[in-house]
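K.L.:
Here it is: the structure, laid out below.
Read-outs: derived from the displayed coordinates by stated rules, not from any lab. A quick note: this is a predicted structure, and the numbers were derived from the prediction, not measured. Cβ placement follows ideal geometry from the backbone for every residue including glycine, while neighbour counts extend to all protein chains displayed.
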Amino acid sequence: MHRSAIIGALMIAVGAAILVLLASFVVSVIVTILELLVLIVGIILVLGGIAMMLFGHRIWRRRRWDWDAPPAST
């Protein structure tokens, strides 16, 4: 066996051991990131709801443009 294969296997074993020991930390970091994402989405939804209540009539009102000439009377 080459020395690089032994060192590679040792690196994999040490890395796996570190990940197992820090699994609760990694999970807590992921949970914290997800909680922040949910917080941001919630704030955006609340602000969007307020905006729709205040300015929704302006958004949904459609203007009709008459691009053609008016019809000729006969």
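K.L.:
By how many nm would the segment from LEU54 to ALA5 grow when fully extended, if each residue of separation counts as 0.36 nm and the alpha-carbon distance is taken off?
P.N.:
So the chain would gain 11.0 nm between LEU54 and ALA5.
K.L.:
Obtain the nm distance between the two label points defined at ALA13 and ILE43 by a simple spin-label model: each point lies 7 Å from its Cα along the Cα-to-C-beta direction.
P.N.:
4.8
K.L.:
From the backbone phi of segment 8-23, what are the Karplus-calculated ³J(HN,Hα) couplings (6.51 cos²θ - 1.76 cosθ + 1.60, θ = phi - 60°) in whole Hz, Gly and Pro given as x?
P.N.:
Once rounded to whole Hz, the list reads x, 5, 5, 5, 5, 5, 5, x, 5, 5, 5, 5, 5, 5, 9, 4.
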